[in-house]
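All remarks here apply to the structure that follows.
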Amino acid sequence: MNWNRAVQVIAGVAVLLLAGSFRAAAQGIPQPPPASAVSAAPQSDPLPITREARGWLADLIRINTSNPPGNENLAAMYVSNLLQKEGIKPEILDVGPGRSAVVARLRSSVVPDPSKALLLVAHLDVVPVDKARWTVDPFGAVVKDGYMYGRGAIDDKGMLAANLAVFIGLKRSNAHLNRDVIFLATADEEQSADASVRTLIAKYWDKFAAGFAINEGGNVFMKSGKVQYIGVQASEKVAVNVAVIARGTSGHASQPTNYNPVVHLAAAVAKIGAYSAPVHLTAIVRRYFEGVAPLEDDEIAKWIRSMDTADRGEHAQRVISEASPLWNSMMRDTVAPTILSAGLANNVIPAEARANLNVRLLPGDSINTIISDLNKLVNDSAVTLQVQPNAGLAAPPSSLESDFYILICRVASREFGGAPALPFQSTWLTDSAQLRLHSVQAYGLVPFPLSDEDLRRMHGDDERIPLASFDKGVDVLNKIVTEFAVAR
Ligand SMILES: [Zn+2]
């Protein structure tokens with residue numbers, strides 16, 4: 001054991017002790033959700049383990065895993081310790097300095113059959129906070145008005161705690177499984193960099209190879225206090241960053257010329273900002289819109305149904321794009337300028353100016369098409385576009401005919417008052433793309449009913465989860481996993 005490792009272990013034990021006392025404190029607080037939160041989620045008695053799961057969620061929020069730098073080690077040790085106490089043998093998987101994942105398995109038979117196994121996936125890391133903009137401590141797991149506040153409450157420590165509850169519940173009940181159930185807590189999801197699921201797959205695939213997975217990525221969408229529909233993610237867009245580089249002649253700012261790269265860059269970015277890629281409805285997005293049309297008012301429904309028509313298609317696509325940024329991004333490749341950089345001093349014209357474009361491609365679309373469109377649009381020999389390293393890879397969609405997909409939709413729809421379950425192609429990235437590239441039928445469903453207002457706080461300020469939604473989500477996830485993996 002080297003010294004660094006010893007320090008990590010000591011720190012880890014301290015966190016576990018602290019976390020234990022936090023949990024006791026959290027459990028000691030009476031937490032009757034107020035009327036608004038109760039009515040926001042369909043009613044059913046929470047599973048007994050849900051009380052404990054709320055405590056685990058609070059503990060996990062209190063372990064700061066903001067990425068960068070991630071530092072998932074302590075959270076991994078916390079999870080591993082919890083599982084060990086239940087008589088499960090977890091393994092901590094090293095993915096980099098200070099960074100680890102956790103895997104554990106409940107066996108169905110002596111000889112495992114990876115093609116049947118079910119993987120429960122969630123990530124340990126969270127996005128950073130702008131602490132000054134929060135009204136509560138982002139790492140305090142404050143319970144207020146029926147919500148638990150904290151970075152990761154939804155994304156993705158809520159799901160992590162729900163996965164733990166389901167997994168530990170199966171162990172406690174000694175369930176007779178018809179397939180292995182594998183628990184996986186990943187690192188570095190938010191940066192998708194060196195410590196991410198890509199590395200886990202490269203180094204440890206045999207430890208969690210599975211035919212099916214459930215992960216974040218889809219949501220239970222609420223509207224006016226009711227579940228409107230359940231979006232089960234079966235595909236996702238692909239992120240690629242492109243640098244816009246304007247080159248010119250540096251010089252004295254007192255004598256401007258036409259070769260100032262700041263001016264060229266600004267003009268290019270303005271043109272790119274107005275760019276809209278053509279609509280391309282993938283099979284999943286078509287099915288999504290078919291399902292969503294009857295849930296909308298007559299006007300919107302009419303335009304959704306007209307999107308494919310020859311005479312009104314173009315106008316319909318415009319109306320639907322303008323009705324919702326989510327819908328707009330589901331229908332086409334998008335380009336968002338995110339970073340501008342140029343300049344050394346107020347009185348110096350720089351030689352170069354740069355912008356970053358965050359491009360989100362529909363799976364199957366090529367970045368080269370976008371680059372060529374943008375080059376034509378910018379039409380300036382001083383400006384070049386350069387695809388940046390670590391571009392995402394498109395994965396084939398998960399099947400909408402698999403037993404698991406059908407079961408998720410059936411159970412979720414039944415448990416959420418008959419709301420339809422629709423296939424969903426997320427505009428955001430998840431670990432599932434990498435799993436799909438390894439032939440896993442991976443589906444995304446964060447099982448907590450959430451309003452737009454709550455969803456907006458993900459990656460934003462005052463992230464929070466309604467406790468009634470958390471309880472309901474644990475119950476629904478438990479039913480999905482039990483109906484798929486427990487022998488009758
Ligand atoms: Zn996430």
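Where a number appears in this text, it was derived from the coordinates with a stated rule and is not lab data. As the structure is a computational prediction, the values presented were derived from the model and not from experiment. Positions of Cβ are generated from backbone atoms using ideal geometry, with glycine treated the same way; all protein chains shown enter the neighbour counts.
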Relative intensity, log₁₀ I(q)/I(0), of the chain from a Debye sum that treats every alpha carbon as a point, q = 0.07, 0.10 Å⁻¹: -0.41, -0.81
Helix axis angle, 261-273 relative to the chain longest principal axis, alpha carbon, degrees: 60 degrees
Gyration tensor verdict on region 201-358 (Cα atoms; rounded if a/c is under 1.5, prolate if a/b is larger than b/c, oblate otherwise): oblate
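For region 340-488, what number results from the quotient of the Cα radius of gyration and 2.2 N^0.38 Å? Spell out each step's value before the answer.
Details: Rg = 22.1 Å, N = 149, 2.2 N^0.38 = 14.7 Å.
Rounded to two decimals, the normalised Rg is 1.50.
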The chain, helix-only ellipticity at 222 nm - DSSP H runs n ≥ 4, -39,500 (n - 2.57), divided by all residues, nearest 500: -12000 deg cm²/dmol
Nearest-ten-degree value, helix 3-28 long axis tilted from longest Cα axis of the chain: 70 degrees
Cα radius of gyration and Dmax for region 287-348 (Å): 18.4, 60
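Quickly rank 207-213, 464-470 as a protection proxy: mean count of other C-beta atoms within 10 Å, highest first.
Numbers: 207-213: 22.1, 464-470: 26.4.
Per-residue Cβ counts within 10 Å, averaged per peptide and sorted highest first, yield 464-470, 207-213.
State the Kirkwood hydrodynamic radius of region 103-220 in Å, one decimal place, computed from all pairs of distinct Cα atoms.
Working: mean 1/r = 0.0629 Å⁻¹.
Evaluated over region 103-220, this radius sits at 15.9 Å.
Can you tell me the equivalent ellipsoid semi-axes for region 76-125? Use √(5λ) from the Cα gyration tensor, largest first, whole Å. All intermediate terms of the calculation are to be shown ahead of the outcome.
Details: eigenvalues 95, 40, 18 Å².
They are 22, 14, 9 Å, listed largest first.
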Pairs beyond 20 Å (Cα-Cα), from K116/K479; K223/K479; K157/K223; K237/K302: K223/K479; K157/K223; K237/K302
For peptides 122-130, 195-203, 320-328, sequence by mean Cβ density within 10 Å, most packed first: 122-130, 195-203, 320-328
Note, ³J(HN,Hα) from phi for region 461-474, Karplus 6.51, -1.76, 1.60, rounded to Hz, x at Gly and Pro: 8, 6, 4, 7, 10, x, 4, 5, 5, 4, 4, 5, x, 4
Between helix 283-292 and the chain: long-axis angle, C-alpha atoms, 0 to 90°, nearest 10: 70 degrees
Between region 413-488 and region 182-221, the Cα center-to-center distance that results, in Å: 15 Å
log10 of Debye I(q)/I(0), alpha-carbon scatterers only, for region 222-277 at 0.18 Å⁻¹: -0.81
³J(HN,Hα), Karplus 6.51/-1.76/1.60, whole Hz, each residue of region 366-380, x for Gly, Pro: 9, 5, 5, 5, 5, 4, 5, 4, 5, 4, 4, 5, 5, 6, 9
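One quarter of the convex hull surface, Cα atoms only: what value does that give for region 402-478 in nm²?
Details: hull surface 23.9 nm².
Mean shadow area of the hull around the Cα atoms is 6.0 nm².
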Over the chain, relative contact order from alpha-carbon pairs under 8 Å, at least 6 apart, %: 23 percent
Amide hydrogen neighbours beyond the local backbone of R105, cut-off 5 Å, H modeled: K89, F183
